[in-house]
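The values are calculated or read from the model by the stated rules, or taken from the named source; none is laboratory data. These figures come from a predicted structure and were not determined experimentally. Reconstructed Cβ throughout: ideal geometry from the backbone, glycine too, with neighbour counts over all protein chains shown. To get the accessible areas, we keep the full protein, side chains included, count just its heavy atoms, and leave off ligands, DNA and RNA. Shrake-Rupley method; radii C 1.70, N 1.55, O 1.52, S 1.80 Å.
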Amino acid sequence: MALSAQQISRWLNSSKLSSFMTALQLRRRFQRPGTTLSCGVFAQPHVSSEGCFLQWGFRTYRTSSLWNSSKSADLSRQEINCAQSTLLPSVNEPSQRTPKIPSLDSELSLEGLDDVPPLSPLQPISDNEAVQIIAGPPLPPSSVTLRDYVDHSETLRKLVLLGVDLSKIEKHPDAANLLLRLDFERDIKQMLLFLKDLGIEDTQLGPLLTKNYAIFSEDLENLKTRVAYLQSKNFSKVDIAQMVRNAPFLLSFSVERLDNRLGFFQKELELSVKKTRDLVIRLPRLLTGSLEPVKENMKVFRLELGFQQNEIQHMITKIPKMLTANKRKLTETFDYVHNVMCVPHRVVVRSPQVFNTRLFKVKERHLFLAYLGRAQYDPTKPNYISLDKLVSVPDGIFCEAMAKASVRDFEKFLKTL
């Protein structure tokens with residue numbers, strides 16, 4: 001049945017091209033013979049008295065942007081011409097008389113695409129298009145390693161670039177969950193700027209954050225308050241930076257706890273304010289570690305080793321590690337030095353470095369000196385051997401300056417032990 005010009009106009013206006021993707025889908029369908037279009041148009045229709053109209057309507061449907069620029073008079077003229085063509089075309093008629101289906105790429109105007117709405121996510125796609133979609137690996141709901149989340153988390157990637165060792169942090173499930181919830185710009189950036197301003201170098205940020213990842217859960221204002229407290233106790237900015245590097249958990253302790261620790265060491269060791277400050281600068285772990293080893297070692301020095309309070313003060317100000325050293329090591333070292341080497345208390349007090357040295361090293365060198373007849377540790381007698389030098393100098397200097405022998409002789413002697 002032939003359609004009137006007014007009906008054709010309404011039909012064309014209602015079927016305006018909605019998107020470029022829809023046109024591409026139409027093109028694919030046209031390449032298959034006998035495929036039906038919406039509104040009853042065929043890609044290759046049967047030739048009839050209305051064949052010219054169908055071809056014209058098909059062309060106009062595919063190039064709606066060109067139709068919008070044509071006039072209604074042209075539309076009526078084409079309808080009349082089509083109505084007059086009632087005879088079937090001859091088989092021998094040249095192929096150029098058959099109207100050629102226009103190319104979509106050549107005749108589709110791109111000007112009309114400016115007003116095309118975005119493609120709907122519900123738009124159906126072909127199987128070939130579907131298999132070309134590449135989806136990234138899904139985020140694992142749970143994992144035993146942070147490595148599975150690095151590709152999905154900007155925060156973790158930037159922490160790795162800073163030198164943070166995630167393999168150590170992931171051993172603590174609470175820490176791993178904390179890092180995954182953090183936003184780098186909101187939660188971490190200001191903390192890094194604070195540490196940099198404090199004096200922590202770029203190369204030191206990674207090791208520090210690896211040990212004290214919990215600093216990200218601290219409020220930045222609380223950290224500034226703790227730094228201000230230490231400065232009020234005459235700790236310089238350089239001293240504070242050194243303490244934070246050597247004791248990464250320092251800033252995680254409240255002002256009250258820091259004040260109590262400083263008061264404890266000043267009272268327990270009977271030190272002046274300056275000596276107390278110097279002590280914790282050299283060994284800031286005294287402010288962050290447990291006090292039980294300190295209390296236990298103080299009893300050992302007084303009761304088991306027989307040192308006086310002033311002697312203890314002198315030794316710990318020179319070797320602060322004695323306060324946190326292993327109790328068994330202290331007693332075994334003192335027993336060998338005092339009872340085997342016959343070194344009196346007053347000499348040991350002047351050379352506390354012996355408590356910071358491995359006992360087998362002290363034994364090896366003492367036995368070699370005794371073998372040579374040079375084991376003399378009394379400073380009032382000739383050929384005095386200092387305990388500090390005995391345990392601190394390398395083998396070459398020890399053999400040349402103290403034993404008056406060669407390193408080869410010393411090595412041969414060690415094989416006899």
Whole-number accessible area per residue in Å² for segment 327-416, which is evaluated in the context of all protein chains at 1.4 Å: 55 Å²
In Å², nearest 10: area of T155 left accessible to a 1.4 Å probe: 10 Å²
Heavy-atom accessible area per residue - segment 145-217, 1.4 Å, Å²: 55 Å²
Solvent-accessible ranking of H345, H152, largest area first, probe 1.4 Å: H152, H345
R358 paired with E129, simple spin-label distance in nm, labels 7 Å along Cα-to-beta-carbon: 7.2 nm
Calculated FRET value between R257 and R408, using beta carbons and R₀ = 60 Å, to 0.05: 0.65
Segment 145-217 - percent of accessible surface contributed by carbon and sulfur, probe 1.4 Å: 49 percent
Label-to-label distance, nm, for residues given as L180 and D388 (7 Å Cα→Cβ offset): 5.5 nm
Ranking by accessible area, most exposed first, for Y213, Y377 with a 1.4 Å probe: Y213, Y377
Amide hydrogen neighbours beyond the local backbone of V343, cut-off 5 Å, H modeled: H338
Solvent exposure, largest accessible area first (probe 1.4 Å, DNA, RNA and ligands not counted), of E400, E185: E400, E185
Percent carbon-and-sulfur accessible area, segment 266-341, ignoring ligands, DNA and RNA, probe 1.4 Å: 47 percent
Lysines with Cα under 20 Å of K275, excluding same-chain neighbours fewer than 8 positions away: K233, K237, K267, K295, K318, K321
Accessible area of R257 in the full protein assembly, 1.4 Å probe (Å², nearest 10): 100 Å²
